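Here the structure comes first, spelled out in structure tokens, and everything after it is commentary.
None of the figures in this text is laboratory data; all of them are computed from the coordinates on show. Everything numeric here is computed off the predicted structure, so don't read it as measured data. No Cβ is skipped: glycine too gets one built from the backbone with ideal geometry, and neighbour counts run over all protein chains shown.
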């Protein structure tokens, strides 16, 4: 392979790698945004939508960067709103529906503990922009993690009903956790280039941290042998199409419209 | 306190000082610590600002307000958003902290005190209305991304606490 071709492939992989990180925040942010005005109480409504806002802010930084290094003429909005389902590389966990407060918190908790580890390690990337975004995000994600972990304990170690609901949500969402630590071809290329984080190495710490909180919450740690995957390769659950039809409606109906 | 060298042109500083934070109008963007650089070459002013929180919707407004203020003062202004180094509540000046408190927002404490307060372990946040520390956390997230909601158990007033971010 000549060097120019190799460069261009590295480049494409970097953009894919950025999608892999940013799409998680985008889709989770969209899910949390659905709760605007619909949260169970005013405080939790504000908290969840604040988290959504943080995630969207981070997404903008990633997409501005991806648009800037892209060889095509694209904007951050094109990347957020005009890709097709298969082109979104988020994990299945973040696209799971809000269902009830236990699911919303469970999903957030399982993601936050991964997110914080990823950001901590992304700070050592050879890519300066990704380092800057990670250093900015880590401060925000720490708050998210604290919020979701507190609620896990409160609901788990709460009433009989809250415990049962929280346990059901964790049991149900657990099958999506293993995928967080899978790597795609683009990921592997970026790890080799010193840009990406090898998420495989975060798995042990993740399950240890998550288990500690679950134990404190007097919840049982699910024992699963089989896990779901696919999102990182663009193969999503049936929920994804519905999220996108809602999220992309404006740009698809009125192409190029601005706020 | 983190020592940060920030170059702000002396001629531009008074103009930038007049630009308020749109959410907290008593606080100048200089005292908020979001202006990271202001350089002047002839009549060309270039300003670099950094967001408090990634998703802070005030940043676009602040950028526009800076351009307006500098244009009105006869400069050609350009504003860039930078991410690194990431903003810290340590960059809020003493004057800024005072302005926050006078306005009814409890200023950020140091990181370890902040953690204890936000975890509800200790009563440390001082009510900006009556000065009592007999306060409790209502919500870790408040009216904007940068604030938490507290309530004073003495004067019963709810108030915002500017979360520590370091």
Relative to a virtual label point 7 Å from the Cα of residue A:212 in the Cα→beta-carbon direction, which members of the stretch A:123-143 show backbone nitrogen distances below 17 Å? A:142-143
Within a 10 angstrom radius of the beta carbon, how do A:153, B:163 rank from fewest other beta carbons to most? A:153, B:163
Specify the angular offset, from 0 to 90 degrees and rounded to the nearest 10, of the alpha carbon long axis of helix A:3-33 from the longest principal axis of the alpha carbons in chain A. 30
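For the stretch A:52-170, what does the relative contact order come out to in percent, with C-alpha contacts under 8 Å and a separation of six or more? Can you show the working numbers first?
On the way: 88 pairs, mean separation 28.3, N = 119.
Result for the stretch A:52-170 is 24 percent.
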Could you please rank A:16, A:225, placing first whichever residue has the fewest other Cβ atoms within 10 Å of its Cβ? A:225, A:16
Extend 7 Å from the Cα of residue A:135 along its Cα-to-C-beta direction; within the stretch B:23-65, residues with backbone N under 14 Å of that point are B:50-51
Under a GNM of chain A (C-alpha, springs under 10 Å), which listed residue has the highest mean-square fluctuation: A:198, A:77, A:23? A:77
Just need the relative contact order of chain A here, percent rounded to a whole number, with Cα pairs under 8 Å and 6+ apart. 24
Degrees separating the helix A:203-216 axis from the principal Cα axis of chain A, which is the longest one: 20
Point-to-point label distance, residue B:130-residue A:78, nm (Cα→Cβ direction, 7 Å offset): 5.9
Can you tell me which of B:48-55, A:39-46, A:171-178, A:228-235 comes out highest on packing, and rank the rest after it, using the mean Cβ neighbours within 10 Å? B:48-55, A:171-178, A:228-235, A:39-46
Quick one: among A:179, A:189, A:73, which has the greatest mean-square fluctuation in a GNM of chain A with alpha-carbon springs under 10 angstrom? A:73
Modelled label reach - residue B:93, point 7 Å along Cα→Cβ, the stretch B:22-62 residues with backbone N closer than 13 Å: B:27-36
Using Cβ counts within 10 Å as a stand-in for footprinting exposure, how do A:109, B:159, A:227 rank, fewest first? A:227, B:159, A:109
Evaluate the Debye formula for the protein assembly as shown with equal point scatterers sitting on the alpha carbons, no solvent, and hand back log10 of I(q)/I(0) at q = 0.07, 0.10 Å⁻¹, in q order, two decimals. -0.37, -0.75
If the stretch B:104-162 were replaced by its equivalent ellipsoid, with semi-axes equal to the square roots of 5 times the Cα gyration tensor eigenvalues, what would those be, largest first, whole Å? 15, 13, 10
Percentage relative contact order, the stretch A:1-62, counting C-alpha pairs under 8 Å, at least six apart: 35
Quick one: P(r) of the stretch B:7-87 from all Cα-Cα pairs, 5 Å bins, percents rounded to integers, in order of increasing distance. 3, 16, 31, 28, 16, 5, 1
Specify the angular offset, from 0 to 90 degrees and rounded to the nearest 10, of the alpha carbon long axis of helix A:101-122 from the longest principal axis of the alpha carbons in chain A. 40
Mind listing the Cα extents of chain B along all three principal axes, in Å, largest one first? 55, 26, 25
